[in-house]
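Let me begin by presenting the structure, written as structure tokens, before commenting on it.
The values are calculated or read from the model by the stated rules, or taken from the named source; none is laboratory data. From a predicted model like this one, the values you see are computed outputs, not experimental measurements. Heavy atoms of the whole protein, side chains included, go into the accessibility calculation; ligands, DNA and RNA do not. Shrake-Rupley method; radii C 1.70, N 1.55, O 1.52, S 1.80 Å.
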Amino acid sequence: PTSNVNHIVALTDLVGFIERSESMSDGLIAYEASAEGISLKCLSIGSKWIHVTTTNPLYVIYMYGLWISDEGDNDVDGYSNKMFDEGEILNYGDTIVMDEFEKSSGYDGKLTGETIRVTNMWMATTTEMYRAAESCRDGYDSNSPQGFNPVDFAAAFWFGSAQDADSTDGGSLYAWAKRAEQEFTNQSNGANAKIISLLRKLQQSFADCRGLSEDAREVKGIEMKHAATDIARWMVVPLVQNFIHHLAAESGMEEDESDERNRMVLYALTVLPFISICDEDTFDDLFYDLVTDLDSYDSATFTNRIETLYSRFECLGISCDMVGKSIYSDEGWPECIVPSTTKEIAGYLATSDASFQMLKFDLDISTIFSFIVMEASEAALDIYENGRNVKGDAPNSFISLKTVSIPSSLPEAIVIYEDFTSGVVDYTSVTKNAIMGEEAFLWSSPLKNSAAASLAIATIDMHLSILDDMHQAVNLCETGGWEDNWDSAVAAVVGWTEGDDGSGVDGYLLFNLAEELCEHFDNCENNGESIINNKLMAEFTKGQESLKNKQCEEAEASRQAIERYLQAILVDILAYHSKFAHSNGDDRHCLLAHVARNALLPLIRRVSEPSAKTIEDNVVATALGCRVDDVEAVYMALNDYVVAKIIDCSWLGSSVCKETIPTFLPTPSPPSKSLTLTFRPTSSPTSKKPTVAPTIQKTPTASPAPSINLKYCGLSLADAQNRCVKAIPCPDGRNDNCLRGQTCFSVQRICDTEGSATNLGIFSPSTSPTNTPTTPSTVSMIQTTPTNTGGEGTSMESPTKKPTNKPILQIPNWYYDFGTDDGVGEVDGVQNYSSASLHSYSMAVVVGTIAVGGTLYLFV
């Protein structure tokens, strides 16, 4: 060390004294004794909230896990006194130590010393490492005394007075880790050996930081923070080894028959908080079984508990080879299986390692969510901007959620990204604002802001990344090398927490949002899965096959289909939250509608500025509050977008297609007048079912003529005209709607049944010369049978006290289902007809829909 660390070494010696002490009074004196102004007790109670929540992410993880536990004082909106076991959550270490001092079974100096070591001293080590990184970033290192280095303090906490590398004696963390290591075999590296090596590098990095420019210090400081995280992962290894060892001993899986219950509890308290970040249900289950209801612990559950722990090693940032295999393990022990880097993702088989890293963004999102709830917004923002779990190619480099949305050099992806960022409003900034509680989120609560942030990441940041990756993959179709991009797009849709078969419901990304939506709209498949997710994954697999076979036009068609599926999910999210916010005046749903609005507005504006303006004007969030005004206008605008983008209404769970009639069809520039349809359902006073005449006449009066799509993709104008029925429509005039090599052409003639364009007449199945009077045309009505029915509901009670890790849609079991036998529901007197199927018909342009009884009519 280049710093004076004698006072820290003295603390290590005090731990050794406590372990040898026989009376609680002697142990307490040593625990509270000061060594140059610092004590073992002070390592916990001397922590400052502003310091640990902005510097040490591990401290925040521990506080979150213990706060949401059965022993924590948590409430629904993230506000509380932040207590654990009747003590301040910031001082959780001291609370655990004092519980050990005062336990009913009597004083045990050896266990008390071990408790102090793995709570207060372990966390102090990590704090000093992260302090070194922060000092480099903020320039404190330049003003500190020559030779001062916080990494020296971290090393002193770990090694204490230990001099012999092979010794397991003493009160240091090094000796403790050495003892744990002896209980395991087949480790890739010893934890102590890795920690020594990495601490030396971190020490040198801090020394190198002196004299750097401000920008260079920022880069170096971020590298140091990631290096500190890497060291912390190895520090977790002996915690897990001790947890497994004492759990096995208490379960009768080892020869030692001593009572290991208290040690099992101690290591449950120090390991399980990591799991709370990524799997709250598993955390709750393990915490209740091993801590809260300890007296009822069933040793027969050992195998299940260990299997669960192994499956959640990713949450702890460790792997099977880091921990090794217990020397007591036999055929009765489960095997720790290393996950494949080319794994199955919701039924899609990835072929590249890139998807394995992309899947871990789920962990970043869940960590950000937890940190916002704990009012550690700066730490959450640091993860958003600089990453934590998704490693880059260079050492100590990580990919962040903020940078993953920035497109490659492909013009198609850049245009979309600029639509979000280059105008008067930067729609991507909603993520940062939600994290920090700024602008539209200034007045909101931590839990509402965390829900908004996680939704923004999924629907904006990750969505942009998906679109970019798909464009890159198709661009590489002929030359090869598309696997990383296509697999990454799939991973960004699904995420890690969904599992191999996509059956999980604990994720944050678009796949999980679609699953939750289908539950709430009651339009899931018979197997309970989302209709749109099944289509999504099938299309990803189809596109993968096309890319393998260099069938590039087919791959591009799959890309466009997937894009529409994702847009359908965004439409449903905005429809759901805007209606719920309007019906109930719910602030949470209003903020989520605001986020969903930002995710869709740039896309809608590409098709129709009036529709975008309608949504912008009616879903409003400011620093003073949030409101949804005319929800029917929002639905009308969404319906216009659905029609313009050729999104099949059967994909939607919301009643966007059922409750509205489109006000326009998109046309080439310059825009023509909107088509206003005069028919509306009429309802009987005694029935909720609307009635409609079998045929609706539309007379050719002075009303503006309907807008008809006249733009199609083709290799040439003649090709677009001759193949317009089969060609891809490009109503917005953009070439990025077309297959590679094709261009968007204005055919200026309506398609006939033979597949070619004919001169444009009036809007009627048979055309007449434009100067010849015609009889009134008939709007044909094609009947389809709904595949499912349901409705959008309103909440009837307040939510439960405990915060949830699934805030995106946040409809708990008190959600009221408005579905009736005839498939009609009602919210604020507005009738709903959900989830009817909508089929495509050649030579038919859908301009309106209406439901009558169990039948959906299409106006074409």
Rounded to the nearest 10 Å², the accessible area of S405 using a 1.4 Å probe with every protein chain kept is 10
The answer for K343, listing residues at least 5 apart or on another chain whose modeled amide H is closer than 5 Å to its amide H, is A350
For the table K225/K402; K194/K325; K48/K402, the rows whose alpha-carbon distance is greater than 21 Å are K48/K402
Excluding ligands, DNA and RNA, the carbon-plus-sulfur percentage of the accessible area of the stretch 547-646 with a 1.4 Å probe reads 47
Cα extents of the stretch 1-118 along the principal axes, largest first, in whole Å, come to 45, 44, 18
Rounded to whole angstrom, the alpha-carbon centroid of the stretch 1-37 lies from that of the stretch 183-222 at a distance of 27
Scattering profile of the stretch 341-422 from the Debye formula, Cα beads only, expressed as log10 I(q)/I(0) at q = 0.11, 0.13, 0.17 Å⁻¹, is -0.39, -0.54, -0.86
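Tell me the carbon and sulfur percent of the accessible area for the stretch 289-387, rounded to whole percent, probe radius 1.4 Å.
Numbers: 1630 of 3710 Å².
That fraction is 44 percent.
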Share of accessible surface on carbon and sulfur in the stretch 120-191, whole %, 1.4 Å probe and ligands ignored, is 41
Sorted largest first, the Cα spans of the stretch 391-492 on the principal axes come out in Å as 52, 34, 22
Largest-first ranking of C518, C626 by accessible area, probe 1.4 Å, whole protein assembly kept, is C626, C518
Result for the stretch 1-100: accessible area per residue, probe 1.4 angstrom, in square angstrom, of 41
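Just the number please: accessible area per residue for the stretch 126-239, 1.4 Å probe, all protein chains included, in Å². Display every interim value, and only then the final one.
Values: 4540 Å² over 114 residues.
With the other protein chains kept in place, the stretch 126-239 gives 40 Å² per residue.
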Of the listed links K82/K103; K41/K220; K343/K645; K178/K391, those spanning more than 25 angstrom between alpha carbons are K41/K220; K343/K645; K178/K391
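Quick check: convex hull of the Cα atoms in the stretch 196-301, volume per residue, rounded to a whole Å³? Intermediate values should be presented prior to the final figure.
Working: hull volume 12.9 nm³, N = 106.
Per-residue hull volume (Cα only) is 121 Å³.
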At q = 0.26 Å⁻¹, the log10 of I(q)/I(0) for the stretch 508-567 from a Debye sum over equal Cα scatterers comes to -0.97
A correct Karplus calculation of ³J(HN,Hα) over the stretch 322-338, with 6.51 cos²θ - 1.76 cosθ + 1.60, θ = phi - 60°, whole Hz and x for Gly and Pro, returns 6, 7, x, 10, 4, 5, 9, 5, 9, 5, x, 8, x, 8, 7, 9, 6
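Going from the alpha-carbon gyration tensor of the stretch 87-142, what semi-axes, largest first and in whole Å, does one get by taking the root of 5 times each eigenvalue?
Numbers: eigenvalues 210, 27, 6 Å².
They are 32, 12, 5 Å, listed from largest to smallest.
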Computed over the stretch 473-582, protein heavy atoms only, probe 1.4 angstrom, the accessible area per residue in square angstrom equals 30
The rounded separation in angstrom of the Cα centers of the stretch 323-380 and the stretch 569-632 is 34
